[in-house]
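Notes for the one structure printed next.
The values are calculated or read from the model by the stated rules, or taken from the named source; none is laboratory data. No experiment lies behind these values; they were computed from the predicted model shown. Neighbour counts run over all protein chains shown; Cβ positions are idealised from the backbone, glycine included.
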């Protein structure tokens, strides 16, 4: 298991080699200054070497904090914990094209999806853009086959099929996996001409259920609108007509809207209360044909490596849950750097707390945010710091299928059993057993001592 200390030492050695001239100038300047105290140039050389030498550990600490983001007490959100429910998820995604005023806002189902191009040339370094929230270099180009619905207000089932390539912001990839998008359809310029389709990605996150959605009515009652597709589309159309409706977190408060818009929203709420709309499925049928997780970069899913010292001293794993993600203008090849808020449940049973931390979130994990927002965290033995383990997180999220090979050679797939995967991870960690791949082979000699208890969990 890669440790924070090991990453820091590696960065210190690398930066020390790159800046090796600084200590050399420090020694030369000191020697010359002691022999010729009246000379000016030894002082300049000494000062240059001193500054360069001091910068070596500073740069190593900065690089380690970026590469190995550790959550500590200083990242705790003070004064606002528990104000939002545990199932809240707020995502501030880049803006999409607004389309023409005459364009219709409708639903589109994703029939097939495949990655056309994603090939940034930044290696593992951090790349920052200014004034461009969706740079093409770090925005996957995805080929989509869509079924665009039509005449939904009248209860019709008409529509048409369209195929094309679109740039998809990484924060909105889960809408494709879920299979529900919001698109703007322009009226054709001439009869028989092709209609222009413009996906609206932030609204697609709402329609897919990735982002939670609540409405507070004029009487102060809160209704859940997440995955109520028909009602959401109607509300989105109203919002577009009036020039936008402000969401506080994941909530629209009708008491803060102008009376006319609030009345239109309230009418939808009353209609839904009289005839409740069923929630749409988490994912539309045919998810296998639009699964992008296997085509995008990310850390390899695994049951996880275990440091023997960490395990002997009482280190444990805990689960956290994202409450918020906010897009920034910094990217790495395998994912965007996001401002996040995590709710963490400590291992000692104390109340959960919220932590705000800037993290690089892998692209393959972003494709399954409609299903899960959970992450696995490695807790230090003293319980004061938490590190996100993306390998375990990817396996728990189902990006890669977890598999157990029993002592008698049978294969057990744990595709829809995240709680079983979580229990196995904890048992392996407590026994100091590393398994840096998604297949847990209990026939291996090092697994024999714990094979019985591991099999009990799989039963």
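Given the criteria part of a helix (DSSP H, G or I) and outside the structural domain of residue 433 (by TED's automatic domain parsing), does residue 309 qualify?
Values: part of a helix (DSSP H, G or I): yes; outside the structural domain of residue 433 (by TED's automatic domain parsing): no.
No.
Here is a check on your reading of the model: is residue 198 in a loop (DSSP other than H, G, I, E, B), modelled with pLDDT of 90 or more and closer than 29 Å to residue 159 by Cα? Give the steps one after another, and end with the answer.
Working: in a loop (DSSP other than H, G, I, E, B): no; modelled with pLDDT of 90 or more: yes; closer than 29 Å to residue 159 by Cα: yes.
Here the answer is no, as residue 198 does not meet what is asked.
Tell me which residues, restricted to segment 208-227, are over 22 Å from residue 321 (Cβ atoms) and touching a helix residue (DSSP H, G or I) at 6+ places or on another chain (Cβ under 7 Å).
215, 216, 217, 218, 223
Out of (1) at pLDDT below 90; (2) buried (at least 18 other Cβ atoms within 10 Å of the Cβ), what's the single condition that is false for residue 459?
(2)
Can you tell me which residue among 215, 185 is touching a residue at least 40 places away in the same chain (Cβ under 8 Å) and either under 21 Å from the mean Cα position of the chain (by Cα) or within 30 Å of residue 364 (Cα to Cα) (or both)? Before you say what the answer is, go through the steps one by one.
Values: 215 fails: either under 21 Å from the mean Cα position of the chain (by Cα) or within 30 Å of residue 364 (Cα to Cα) (or both).
After applying the criteria, what remains is 185.
Kindly indicate the residue of segment 322-340 that is touching a helix residue (DSSP H, G or I) at 6+ places or on another chain (Cβ under 7 Å) and assigned to a loop (DSSP other than H, G, I, E, B) and also surrounded by the fewest Cβ atoms within 10 Å (Cβ to Cβ) among those meeting that condition.
The selected residue is 334.
Filter segment 306-321 for residues that are more than 24 Å from residue 355 (Cα to Cα) and in contact with a helix residue (DSSP H, G or I) (Cβ under 8 Å, 6 or more places away or on another chain); which is modelled with the highest pLDDT?
Here the residue is 306.
So that you can scan it fast, the table gives a plain yes or no per residue for (1) surrounded by 15 or more Cβ atoms within 10 Å (Cβ to Cβ); (2) more than 25 Å from residue 389 (Cα to Cα); (3) touching a helix residue (DSSP H, G or I) at 6+ places or on another chain (Cβ under 9 Å); (4) modelled with pLDDT of 70 or more:
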| position | (1), (2), (3), (4) |
| --- | --- |
| 12 | yes, no, yes, yes |
| 23 | yes, yes, yes, yes |
| 50 | yes, yes, yes, yes |
| 53 | yes, yes, yes, yes |
| 56 | yes, yes, yes, yes |
| 63 | yes, no, yes, yes |
| 72 | no, no, no, yes |
| 78 | no, no, no, yes |
| 89 | yes, no, no, yes |
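Could you please find all residues in segment 391-432 being surrounded by fewer than 21 Cβ atoms within 10 Å (Cβ to Cβ), touching a residue at least 24 places away in the same chain (Cβ under 8 Å) and in a loop (DSSP other than H, G, I, E, B)?
Answer for segment 391-432, where residues must be surrounded by fewer than 21 Cβ atoms within 10 Å (Cβ to Cβ), touching a residue at least 24 places away in the same chain (Cβ under 8 Å) and in a loop (DSSP other than H, G, I, E, B): 398, 400, 401, 406, 407, 409, 414, 431, 432.
Limited to segment 354-390, what total is found for residues that are farther than 17 Å from residue 69 by Cβ, in contact (Cβ under 8 Å) with a residue 60 or more places away in the chain and over 16 Å from the mean Cα position of the chain (by Cα)?
1
Restricting attention to segment 269-284, which residues are within 20 Å of residue 364 (Cα to Cα) and out of contact with any strand residue (DSSP E or B) (no Cβ under 8 Å at 6 or more places or on another chain)?
Hits for segment 269-284 are 282, 283.
Just give me the residues in segment 217-237 being surrounded by fewer than 15 Cβ atoms within 10 Å (Cβ to Cβ) and out of contact with any strand residue (DSSP E or B) (no Cβ under 8 Å at 6 or more places or on another chain), in sequence order.
Answer for segment 217-237, where residues must be surrounded by fewer than 15 Cβ atoms within 10 Å (Cβ to Cβ) and out of contact with any strand residue (DSSP E or B) (no Cβ under 8 Å at 6 or more places or on another chain): 219, 220, 221.
Under the condition of being touching a helix residue (DSSP H, G or I) at 6+ places or on another chain (Cβ under 9 Å) and at pLDDT below 80, which residue from segment 135-169 is farthest from residue 361 (Cα to Cα)?
153
Just give me the residues in segment 407-432 being within 15 Å of residue 304 (Cβ to Cβ) and over 28 Å from the mean Cα position of the chain (by Cα), in sequence order.
431, 432
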